[in-house]
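Down below is the structure, laid out as structure tokens.
The values are calculated or read from the model by the stated rules, or taken from the named source; none is laboratory data. The model shown is predicted, which means the values in this text are computed figures rather than measured ones. Cβ: placed from backbone, ideal geometry, glycine included. Neighbour counts: every protein chain shown.
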Amino acid sequence: MANENSFDVVSKIDMQELNNALNQASREIETRFDFKGSKSSITLEKEELVVLSDDEFKLQNVLDILTSKMAKRGISLKNLDYGKVEPASGSLVRQKIKLRQGIDQEIAKKINIMIRDSKRKVTSQIQGDQVRVTGKSRDDLQAIIQLLKQADLPVELQFLNFR
């Protein structure tokens, strides 16, 4: 295993940046004129966001504000899994947005197949919710990173521990 290089393919959300985006969105909702007297809010509960508002139109406006703040802070919207809009107490509506962390098995298998079909001299293996790619040539590993960046996958990928 001498001269073996490797990197990990992961999918994670930077929780600090998410908190910053939530704080910015909450501040904007508090100061905007069209939300005066509204009970609109965004809260983070474990691994999901809960958006609460007076009606579906205002809920959609809150989601627009949230997604714009997340995009400005570099958080991918691919890792959000929107639930359905449901009625909440006191004539309010609620929508839960699940945060996807990690690469599930189906997507990891798809990544493995893409790497194998690239005909590069690298190997890949699934390790829990990430994929480890190893090979002798750093150029091959960088080519795999470019291949995965250009692939249209349903999650945002990050590449860690390149050594």
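Okay, residues lined up against (1) closer than 30 Å to L157 by Cβ; (2) among the polar types (S, T, N, Q):
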position: R27; (1), (2): no, no
position: D34; (1), (2): no, no
position: T43; (1), (2): yes, yes
position: K46; (1), (2): yes, no
position: L52; (1), (2): no, no
position: K72; (1), (2): yes, no
position: L80; (1), (2): yes, no
position: R94; (1), (2): no, no
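Please work out if V85 is part of a strand (DSSP E or B) and closer than 28 Å to D152 by Cβ.
Values: part of a strand (DSSP E or B): yes; closer than 28 Å to D152 by Cβ: yes.
Yes: the conditions hold for V85.
Which of the residues that make up segment 130-163 are assigned to a loop (DSSP other than H, G, I, E, B) and either at pLDDT 85 or above or over 18 Å from the mean Cα position of the chain (by Cα) (or both)?
Initially, segment 130-163 is screened for residues assigned to a loop (DSSP other than H, G, I, E, B), giving 136-137, 151-157, 161-163.
Result: K136, S137, N161, F162, R163.
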Any residue that is surrounded by 15 or more Cβ atoms within 10 Å (Cβ to Cβ), part of a strand (DSSP E or B) and at negative phi - is there at least one of those in segment 118-125?
yes
Checked G74, G90 against criteria (under 28 Å from I144 (Cα atoms), of a type outside the set (F, W, Y) and exposed (fewer than 12 other Cβ atoms within 10 Å of the Cβ)); the one match is G74
Within segment 5-52, of all residues that are surrounded by 17 or more Cβ atoms within 10 Å (Cβ to Cβ) and in a helix (DSSP H, G or I), the one farthest from the chain's Cα centre (by Cα) is F35
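From the list D8, D54, D64, D104, exactly one residue is farther than 30 Å from K136 by Cβ and in contact (Cβ under 8 Å) with a residue 12 or more places away in the chain. Which is it? If you could, list the steps in order and put the result at the bottom.
Working: D8 fails: farther than 30 Å from K136 by Cβ; D64 fails: in contact (Cβ under 8 Å) with a residue 12 or more places away in the chain; D104 fails: farther than 30 Å from K136 by Cβ.
Exactly one of D8, D54, D64, D104 is farther than 30 Å from K136 by Cβ and in contact (Cβ under 8 Å) with a residue 12 or more places away in the chain, namely D54.
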Taking segment 96-114 and keeping residues charged (D, E, K, R) and either assigned to a helix (DSSP H, G or I) or in contact with a helix residue (DSSP H, G or I) (Cβ under 7 Å, 6 or more places away or on another chain) (or both) leaves R100, E106, K109, K110
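Given the criteria touching a Lys or Arg at 6+ places or on another chain (Cβ under 9 Å), closer than 30 Å to I144 by Cβ and basic (K, R), does R100 qualify? Walk me through it before giving the result.
Values: touching a Lys or Arg at 6+ places or on another chain (Cβ under 9 Å): yes; closer than 30 Å to I144 by Cβ: yes; basic (K, R): yes.
Considered against the rule, which asks whether it is touching a Lys or Arg at 6+ places or on another chain (Cβ under 9 Å), closer than 30 Å to I144 by Cβ and basic (K, R), R100 comes out as yes.
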